[in-house]
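Each remark here refers to the structure printed beneath this line.
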Amino acid sequence: MQPELMLVVLTVWLFILWFGSIALEATGMERRKARFQALSALTNTGFTTREAEDIVGHPRRRLIATWLMFLGSVGIILFLLIFLVIILVGVKPARPMSPALIIILALPPIALIVLYWIGVLDKAGTKIVNWMKRSAYFTAELSTREIIHQAGDYSVARLTIGRKAPEVGCKISDTSLAKHKITILAIERGDKTLPFPEAKETVLAGDHLLCYGETDKISKAVQ
């Protein structure tokens, strides 16, 4: 495969990976998990059982993952076809590629990697995610939960409050979480985090609640 085509494909692949992870994060998925799931879907490497439930059981995430898997499959097929054509037919460039053009085409993927490394893409991703969350498309009607860690009968879970969830507009002390004796460790609201919120704190649509309690009770609280 010619160098210029490889660099273009790499740039497009990195952009799709980044945007796919942002779209998954906008649905309420934790950032590191969203990146891992986007990479898994784009490379068609599959999911673990728990991660598959988080994707399959959420319509928006399922649609995003489906598109990532489709684009990943198309990319792999195109790569193999081009590679076979070059090997079998012996396609050669009409003229040698100039070093200046190679450097220009190499700048976008290198820039994306460097920006990710120094944290610029994280900041940009946070702003894009917060903007996307204002859309009803990315805010689920009902609350969803993700188990972060489980030990015995107890778990640390991340609950995403849907726009039509009964908890919206209620104080923490009046929610079903309090009735099930579930402790709220923190509230993620946009780009802010409220550690150990007071019982009088109001729950808003789109909030992410980091909770601790019995696994069964956490599941019942978000039904």
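The set of residues in the range 153-165 being modelled with pLDDT under 85 and surrounded by fewer than 18 Cβ atoms within 10 Å (Cβ to Cβ) consists of Arg163, Lys164. Suppose the filter is at pLDDT below 85, of a type outside the set (Asp, Glu) and farther than 24 Å from Asp207 by Cβ; does Leu10 pass it? When the stated conditions are applied, Leu10 passes them.
Regarding Val129, is this residue out of contact with any Ser or Thr (no Cβ under 6 Å at 6 or more places or on another chain), at pLDDT below 80 and closer than 18 Å to Arg31 by Cβ?
Working: out of contact with any Ser or Thr (no Cβ under 6 Å at 6 or more places or on another chain): yes; at pLDDT below 80: yes; closer than 18 Å to Arg31 by Cβ: yes.
Yes.
Would you confirm whether or not the range 184-193 contains a residue that is surrounded by 15 or more Cβ atoms within 10 Å (Cβ to Cβ), of a type in the set (Val, Ile, Thr), at pLDDT 90 or above and touching a helix residue (DSSP H, G or I) at 6+ places or on another chain (Cβ under 7 Å)? Checking the range 184-193: at least one residue is surrounded by 15 or more Cβ atoms within 10 Å (Cβ to Cβ), of a type in the set (Val, Ile, Thr), at pLDDT 90 or above and touching a helix residue (DSSP H, G or I) at 6+ places or on another chain (Cβ under 7 Å).
Annotation note: Cβ proximity below 7 Å between a residue of the range 174-193 that is assigned by TED's automatic domain parsing to the domain that holds Asp216 and part of a strand (DSSP E or B) and a residue that is of a type in the set (Gly, Ala, Ser) and surrounded by 15 or more Cβ atoms within 10 Å (Cβ to Cβ) (sequence gap 6+ or interchain) occurs for Thr183/Gly213; Thr193/Ala186.
The values are calculated or read from the model by the stated rules, or taken from the named source; none is laboratory data. Keep in mind it's a predicted model, so treat the numbers as computed, not measured. A quick note on method: Cβ atoms are made from the backbone with ideal geometry, for glycine too, and the neighbour counts reach across all protein chains shown.
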